[in-house]
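Nothing in this text is a laboratory measurement; each read-out follows from the coordinates by a stated rule. Quantities reported herein were computed from a predicted structural model and do not represent experimental measurements. Quick reminder, even Gly has a Cβ in these numbers, built from the backbone with ideal geometry, and neighbours come from all protein chains shown.
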Amino acid sequence: MGQHQGGRCAVGRRARASRSRHRPGGAMSPGPAPADLEAVRAQLGRPPRGTLEISARCPSGHPSVVKTEPRLPDGTPFPTLYYVTCPRLSGAIGTLEASGLMADMSERLGHDADLAAAYAVAHEDYLRERESIAHVPEIEGISAGGMPTRVKCLHVLVGHALAKGRGVNPLGDEAVDLLGDYWGSSSCADR
Ligand SMILES: [Zn+2]
C-alpha cells in the first residue's frame, strides 16, 4: 500500500533503528488537528507516527502530504520528511514510476547541468528543513528519493514539491505536472 505500491521505490525503508531518544523541543508549532490525524490513519491503515504537520492537501481537503519528525517517537531515524498519504495520489505516482520516468530523469541528471544543479539545491533544502527540526546523526547528509544525483522514489519528490510549492524541487514539479488531475471527477476522500 502507499509508497510501497508496485515495489518501485523504497520510501519507508528505514535507517537502522536507534535506541536513543531525541525529541524536538522548544518552539514547535502545535501538532495537527485530531481529525486530520484520524484521516491520515485511515489513509495509511495504521496510526501515523511523529506527524508534525499536514503539509499539503488534496482538492477534497483531506491530507495529501504529512511532515514527519526526523526521529520517530520510538527512536527510529526517519529520513522522509514529506510523506505522501493520499492513496489516490500515491497510486497515481506509482503509475508514473512504472512508466520508466525515474530512469529517464536520472539519465537527464547526468547530462543536464542546470537540472542537476537545481536538484542539488532541492536536496539541500530538504536537509536544511529537516535539520531545523532535529539533528539525527544516522541520516546526516542523506535526504530521500535518490537526491541529489538520482531519482529513486517519485513519492518523495512529489511530496517535497507539494509541500514546498513550485520552484523548489524541479523533478518533483515535473512529476506533479504529469499527475494532472489525479483526483479525478470525485473526491478521493470518498474512496
Ligand atoms: Zn487525496
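Give me the number: length gained by fully extending LEU178 to GLU38, i.e. 0.36 nm times residue separation minus the C-alpha to C-alpha distance, one decimal in nm. Mind showing how you got there, number by number?
Numbers: separation 140, 0.36 × 140 = 50.40 nm, distance 2.93 nm.
Working it through step by step, the gained length comes to 47.5 nm.
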So who's got an amide H within less than 5 Å of the one on SER55, skipping anything under 5 residues away but keeping other chains? H placed 1.01 Å off N, in plane.
-> VAL65, VAL66, LYS67
Per-residue HN-Hα couplings for the range 86-92, Karplus 6.51 cos²θ - 1.76 cosθ + 1.60 at θ = phi - 60°, whole Hz, x for Gly and Pro?
-> 5, x, 5, 5, 4, x, 5
Using a Förster distance of 30 Å, how high is the FRET efficiency between ARG57 and GLU124, based on the Cβ-Cβ distance and rounded to 0.05?
-> 0.70
Yeah, the range 96-191 with a ≥ b ≥ c from its alpha-carbon gyration tensor (a/c under 1.5 is rounded, else prolate when a/b outruns b/c, oblate otherwise) is oblate
When the gyration tensor of the range 34-184 is built from Cα positions, what are the square roots of 5 times its three eigenvalues, in whole Å, from largest to smallest?
-> 24, 20, 12
Starting at the first residue of the range 104-111, write each ³J(HN,Hα) from the Karplus equation 6.51 cos²θ - 1.76 cosθ + 1.60 with θ = phi - 60°, in whole Hz, x for Gly and Pro.
-> 4, 5, 4, 5, 5, 4, x, 9
Inter-label distance, nm, simple model (7 Å from Cα along the C-beta direction), HIS135/ALA113 | 3.5
Quote the charge dipole size of the range 29-168 about the Cα centre in Debye, to the nearest 20; the model charges only the Cβ of Lys and Arg (+1) and of Asp and Glu (-1).
-> 380
Between ARG71 and residues 5 or more places away or on another chain, which pairs have amide H atoms under 5 Å apart, with H built 1.01 Å from N, and which residues are they?
-> PHE78
Farthest towards the positive end of the dipole of the range 51-191, among VAL158, ALA117, VAL66 and with Cβ unit charges of +1 on Lys and Arg and -1 on Asp and Glu, lies the Cα of VAL66
Got a sec to turn the phi values of the range 130-146 into Karplus ³J(HN,Hα) couplings, 6.51 cos²θ - 1.76 cosθ + 1.60 with θ = phi - 60°, whole Hz, x for Gly and Pro?
-> 5, 5, 5, 8, 6, 8, 10, x, 4, 10, 4, x, 9, 8, 6, x, x
